[in-house]
Amino acid sequence: MKKVAVSKIKFFEKSGARLYIPQSVVGDENFPFHDGDLVKIEVSNPSIKLTRPEWWEMLDWNELRDTYQLLPSEVRDKIRQRGLIRD
């Protein structure tokens, strides 16, 4: 069964925003994250999606162009499709 809760988002001028996730949600056995986990946030209208990032999504490929060239083509394709490197 899907857990549903209502919460507030608080915006901060310099640091972004924080979204409180109620204990009833984070305490659910299906909640996939733990304290300190990295979370990928994808925005689409009208929702957001929280997932675990892939290792290649966390690097600045514009600074690692030599390494990028050594990656398997399927990983390079994913990086290009996500717009994580400038051509």
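Measure off 7 Å from each Cα along the Cα-to-Cβ vector at ARG76 and TRP56, then give the distance between these two points in nanometres to one decimal.
1.0
Taking the Cα-to-Cβ direction at LYS8 and at VAL25 and moving 7 Å from each Cα, how far apart do the two end points lie in nm?
Label-label distance for LYS8 and VAL25, simple model: 1.5 nm.
Counting helices only, and only those DSSP H runs with n ≥ 4, report the 222 nm mean residue ellipticity of the chain as the sum of -39,500 (n - 2.57) divided by its residues, in deg cm²/dmol to the nearest 500.
-5000 deg cm²/dmol
Given a Förster radius of 35 Å and the C-beta distance between GLN69 and PHE33 as r, what FRET efficiency does 1/(1 + (r/R0)^6) yield to the nearest 0.05?
Details: r = 33 Å, r/R0 = 0.96.
Result of the calculation: an efficiency of 0.55.
Determine which aspartates and glutamates satisfy two conditions relative to LYS49: a Cα distance under 17 Å, and not lying fewer than 8 residues away in the same chain.
ASP37, GLU57
In Å, what Kirkwood hydrodynamic radius results for the chain from the alpha-carbon pair distances?
16.0
No value in this document is a laboratory result; all are computed from the given coordinates. The shown structure was predicted, so the numbers you read here are calculated from the model rather than taken from an experiment. Because the Cβ atoms are built from the backbone with ideal geometry, glycine has one as well, and the counts that use them run over all protein chains shown.
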